[in-house]
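First the structure, in the form of C-alpha cells, and then the observations on it.
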Amino acid sequence: MRKLLVAVSIVVLALVAGTGCTGVMTGGSAGDTLQMKYAERIKIVEHDGYSTVIIADPWEEGRTLHTYLLVPSTSKELTDDSLAGINPNATIVRTPLRKALITTSVHCALVEELGCAGALGGVCDLQYINLQWVKEGVKAGRIRDCGSAMEPTIETVIDLAPDAVFLSPFQNSGGYGRIENLGIPIIEMADYMETSAMGRAEWMKFYGMLFGAEQKARTTFDKVEKEYGELKEKGASAESKTESGKAAVKGKSVIMDKLVGPVWYVPGGGSTIGKMLKDAGYVYPWQDDVSAGSLSLSFETVLEKGLETDIWLFRYNSPQTITRSILLSENAGYAQFKAYKTAQLYGCNTATNTFYEDTPFHPERLLRDFLTILRPELGLGEPKYFIKVK
C-alpha cells in the first residue's frame, strides 16, 4: 500500500539527482516539481500515483486560482475520499479525459495536434471556431454545440456529461454560473494571462497530461522552443554596434492593429505581441511600456507616435479581404501614415485563417511572419497570417 496519506509536518526541499526536479511535499506523498522554463502561473508536482497542478491567480499576487489533482482513471487505490484527505480544496480530475467540453478554438486546435481530437465532445461559440474538422464534427453529431461560452446551454451540457469543462477565467467575473453546480471539473484556462509567448505555449504540458498525451506535448513544446530560439537569433541580427559599443537597432519601425470604433487598441510593450516584435528586431513605439495587455489609445495618439513608422500590421475579421481603399473608407486619417503612403500594410484576416487557433501555442509561427515581413532577405518565404494589403 503506497504511503500517500502520511501526515506531513516538514516540507522537504531536495534536488532529485539527474532529474532537474525539486522534491516537495504538498499534503500527500513527496513529489517532484516539473520545472517550467517560461510559464510563471502554473506549477506541476508529480507524486506517486497522481499529480498536483496549482494555477496562480493572475490578478491577485500570492493567491491560488485553482488546484487540481490529476489521477489516472485506472487507479483503484486513490478514491475521492482519500484524495480529499490530501487536499480538500482541490478539484479531482480523472485522466485521460475521454469527453471534454472546450469553449475556445485555440484549445480545440491543441487537442487535435496532440492526437486527441476524439476526446472533444462539445464546443461553445461555434461561429468563432475556424476549424473545419470541428464544424464537420458538429454537423455529423459527433461534437455537441453547447451554445455561448459565457452562458453554456445547461441542458445540452448535462446531456453531454463531459469529463471536464474548459473555461477561460476573467477578473471579477463572479464565477461561472449554473455550470459550477453540475459537479463537473472545470479546467480554468489561464494560459492567456502568461507574460511571455513561450510561457503560454508551455501550458501545453498541462493540457497534454489531461488528455494522456504528456510525452507528445513535451516533444511538441521542445520543437516550438527550438524554432522560436533560432528565429529570435535571426531577429537579434538586426542590431549592430555603434562606435561607442552601444546597440543600435537598424530594424524597421512598426505599428499594430487599427481603430475599433473610437479606440485604437495597441499591444503593450510588456505583452506577448510587444515582446515578440522586439524579438523580431522591430522598433515599436510602445516597446518601453510595461503593460502586459492592450493600450486603449485615441487615433491622434497613435498618429503622433506612429506617423513615420515603416510597417503597419493589423488584424481584422471580415468575410471580405481588406484593401487600401476599404481601409481608407473606414477612416480617411489613415492616409497620413507613412506605412499607408508607401503601401507597407499587412492585414491578418482572422475570419479566413487560423491565426487565433495556431499562434498561442505556436508563437514561432507568428515570429516567423514578423521576420518574413521585416527581413525578406532571410529567405523565410511568404508570411502565413499577415498578407500585404493592395
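Observations on the structure shown:
- Filtered by the rule that a residue be in contact (Cβ under 8 Å) with a residue 60 or more places away in the chain, outside any strand (DSSP E or B) and within 24 Å of Asn349 (Cα to Cα), region 94-127 gives Thr103, Thr104, Ser105, Val106, His107, Cys108, Ala109, Leu110, Val111, Glu113.
- Residue within region 246-262 that is modelled with pLDDT of 95 or more, within 18 Å of the chain's Cα centre (by Cα) and within 30 Å of Leu328 (Cβ to Cβ) present: no
- For region 263-282, filtered to residues that are buried (at least 21 other Cβ atoms within 10 Å of the Cβ) and of a type in the set (A, V, I, L, M), the residue that is nearest to Asn331 (Cα to Cα) is Val266.
- Glu194 within 29 Å of Lys226 (Cα to Cα) and at pLDDT below 95: yes
- All of Phe170, Phe206 fail the test of being at pLDDT 95 or above and among the aromatic types (Phe, Trp, Tyr), apart from Phe206.
- Listed by first and then second residue, the pairs linking a residue in region 275-293 that is assigned to a helix (DSSP H, G or I) to a residue that is at pLDDT 95 or above and of a type in the set (Phe, Trp, Tyr), with Cβ atoms under 6 Å apart and 6 or more places separating them unless they lie on different chains, are Leu277/Tyr284; Ala280/Phe370.
- Going through (1) in a loop (DSSP other than H, G, I, E, B); (2) open to solvent by less than 70 Å² (accessible area, probe 1.4 Å) one by one, Lys384 falls short only on (2).
- Region 74-84, residues that are surrounded by 13 or more Cβ atoms within 10 Å (Cβ to Cβ) and not in a helix (DSSP H, G or I): Ser75, Leu78
- Sole exception among (1) on the phi > 0 side of the Ramachandran plot; (2) of a type outside the set (Gly, Ala, Ser); (3) part of a helix (DSSP H, G or I) for Asn172, by number: (3)
- When Trp286 is tested against the conditions (1) more than 18 Å from the chain's Cα centre (by Cα); (2) more than 18 Å from Ser196 (Cβ to Cβ), the lone failure is (2).
- Checking Gly122, Gly141 one by one, the residue that is small (Gly, Ala, Ser) and surrounded by 12 or more Cβ atoms within 10 Å (Cβ to Cβ) is Gly122 and no other.
- Candidates Arg324, Arg368, Arg315, filtered to the one that is within 26 Å of Lys226 (Cα to Cα) and either of a type in the set (Lys, Arg) or open to solvent by 70 Å² or more (accessible area, probe 1.4 Å) (or both): Arg368
- Selection status of Leu101, farther than 13 Å from Tyr207 by Cα, touching a strand residue (DSSP E or B) at 6+ places or on another chain (Cβ under 6 Å), crowded, with 17+ Cβ neighbours inside 10 Å and not aromatic (Phe, Trp, Tyr): yes
Every residue, every condition in (1) hydroxyl-bearing (Ser, Thr, Tyr); (2) open to solvent by less than 70 Å² (accessible area, probe 1.4 Å); (3) touching a residue at least 60 places away in the same chain (Cβ under 8 Å), yes or no:
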site	(1), (2), (3)
Thr156	yes, yes, no
Asp159	no, no, no
Pro162	no, yes, yes
Val165	no, yes, yes
Ser173	yes, yes, no
Ile187	no, yes, yes
Ala190	no, yes, yes
Arg200	no, yes, yes
Phe211	no, yes, yes
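- Inside region 351-365, residues that are open to solvent by 20 Å² or more (accessible area, probe 1.4 Å) and either within 16 Å of Ile322 (Cβ to Cβ) or in contact with a Gly (Cβ under 8 Å, 6 or more places away or on another chain) (or both) make up a count of 3.
- Among the residues listed as Glu233, Glu180, the single one being farther than 20 Å from Thr104 by Cα, assigned to a helix (DSSP H, G or I) and among the acidic types (Asp, Glu): Glu233
The values are calculated or read from the model by the stated rules, or taken from the named source; none is laboratory data. Computed from a prediction, not measured in an experiment: that's the story for all the values here. Please note: Cβ atoms are built from the backbone with ideal geometry, for glycine as well, and neighbour counts cover all protein chains shown. These area figures cover heavy atoms from the full protein model, side chains too; ligands, DNA and RNA do not enter into them. Shrake-Rupley method; radii C 1.70, N 1.55, O 1.52, S 1.80 Å.
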